[in-house]
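Asker: Encoded as structure tokens, here's the structure I'll be asking about.
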Amino acid sequence: MNSRSDFVDAGFALLDRQIIDRDERPFAKVDDVEYGTRPDGGDYVTALLCGPGAWGPRVGGRPGRWIVSIWARLHPDVDPEPVRIPMSYVVSVGNAIKLNVPFDEVDGTRTDRLDDWFDVHIINRLPGARHEP
Amino acid sequence: MNPDAAPRLSRMFGRQVRDADGRAIGRVHEVRLRRIEASTPLTGPDFKIEALIVGSGGLALRLGFTSTPARTPWPFGARARAALREARVVPWDSVRESGEELETTLALSDLETVEP
């Protein structure tokens, strides 16, 4: 049940806002906003998107394409997607956007796969990397 | 990137909007949302897309020059307020895609100006 409504502007109130997780840890900034249609026919914000995969297209032009291209190349997934925070994780929107979960429970924020990629493709290829300490 | 991914609001920013008569009325600088607070404190608000703000006044809104006029750098305040008078609110349900541009089914004279 909804109790109150007013108007806000997406560019001012959502984009580039700091996101903090349940434990008050700064986690990311909002780089884009995803929307979808609900059964009532209206379009609603469905998720906040973070990271270079969301920010690059906003930058636009050649720099934006470079940002996305470098991010996609470094990402361990073949067809990566930006970090997606469903609105059901958002508990309040003000000067910062607060989540009701710790950040490592948000899909796409785990860095161990990226660490694995660096280990395999860069660290292990350094001379002496395979020697015992 | 996944071509079937859900649409993103950033796709709207900067696109030219034409009215029902085909006249260019400006570019999208802001997207207005209706914030619907939930009745329980553990649930965040819903944001329903209501309108596009078209024209350079939308940029003043986006930079916060109209919501906090006392903090607006003095050369920009008067210019921002003047630009805001020229901006138009284009209802979301009247907007259609038209290639790289957007078009509204309403005439320019039917579009409301922006309430600061």
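Asker: Of all beta bridges DSSP finds with both residues in the protein assembly as shown, what is the antiparallel percent, to the nearest 5?
Answerer: Details: 46 of 51 bridges.
Of all bridge pairs located within the protein assembly as shown, approximately 90 percent are antiparallel.
Asker: For A:VAL120 and A:TRP66 in the same chain, what is the full-extension length gain: residue separation times 0.36 nm, less their Cα-Cα distance, in nm? Display every interim value, and only then the final one.
Answerer: Working: separation 54, 0.36 × 54 = 19.44 nm, distance 2.37 nm.
My answer for the length gained is 17.1 nm.
Asker: Could you tell me, in Å, what Rg and Dmax come out for the Cα atoms of chain B?
Answerer: Both quantities, over Cα of chain B: 15.8, 47 Å.
Asker: Can you tell me the orientation of helix A:61-74 relative to chain A, as the angle in degrees between its alpha-carbon axis and the longest Cα principal axis, to the nearest 10?
Answerer: Long axis of A:61-74 versus the principal axis of chain A: about 60 degrees.
Asker: So how strong a dipole does chain A carry about its Cα centre when Lys and Arg Cβ are +1 and Asp and Glu Cβ are -1, to the nearest 20 debye?
Answerer: Values: 16 positive and 22 negative charges, 78 e Å.
Roughly 380 debye for chain A.
Asker: Going by accessible area, probe 1.4 Å, with all protein chains left in place, what is the ranking of B:GLU115, A:GLU105, largest first? Could the numbers behind the result be given before it?
Answerer: Numbers: B:GLU115 140, A:GLU105 110 Å².
Ranked from most to least accessible, the order is B:GLU115, A:GLU105.
Asker: Taking the Cα centre of the range B:11-107 as origin and charging only Cβ (+1 Lys, Arg; -1 Asp, Glu), how large is the dipole, in debye to the nearest 20?
Answerer: In debye, rounded to 20, the range B:11-107 gives about 420.
Asker: Kindly list the residues of the range A:36-56 that lie in the label zone of B:GLU97, defined by a backbone N under 17 Å from the point 7 Å along the Cα-to-C-beta vector.
Answerer: From the range A:36-56, the list is A:36-38, A:43-44.
Asker: Something else: At 222 nm, what helix-only mean residue ellipticity would the protein assembly as shown give, in deg cm²/dmol to the nearest 500, using -39500 (n - 2.57) for each DSSP H run of four or more?
Answerer: Working: 6 runs with 55 residues, N = 249.
That comes out to -6500 deg cm²/dmol.
Asker: Another one. When only the heavy atoms of the protein chains count and the probe is 1.4 Å, how do B:GLU86, B:GLU50, B:GLU103 rank by accessible area, highest first?
Answerer: I get B:GLU86, B:GLU103, B:GLU50, largest accessible area first.
Asker: Hey, what did chain A get for relative contact order, percent, Cα under 8 Å, at least 6 apart?
Answerer: Numbers: 176 pairs, mean separation 28.7, N = 133.
That works out to 22 percent.
Asker: Can I ask one more? Can you give the accessible area of B:LYS48 in Å² (nearest 10), computed on protein heavy atoms with a 1.4 Å probe?
Answerer: Surface open to solvent at B:LYS48 totals about 60 Å².
Asker: Moving to a separate point now. Mind putting a number on the dipole of the protein assembly as shown about its Cα centre? Charges go on the C-beta only, +1 for Lys and Arg and -1 for Asp and Glu, and I need it in Debye to the nearest 20. Numbers along the way, then the final one.
Answerer: Working: 33 positive and 38 negative charges, 184 e Å.
With only Lys, Arg, Asp and Glu charged at Cβ, the dipole is about 880 debye.
The values are calculated or read from the model by the stated rules, or taken from the named source; none is laboratory data. Bear in mind that the values here come from a model prediction, so they are computed numbers and not experimental data. Reconstructed Cβ throughout: ideal geometry from the backbone, glycine too, with neighbour counts over all protein chains shown. Note: areas computed on protein heavy atoms with side chains; ligands, DNA, RNA excluded. Shrake-Rupley method; radii C 1.70, N 1.55, O 1.52, S 1.80 Å.
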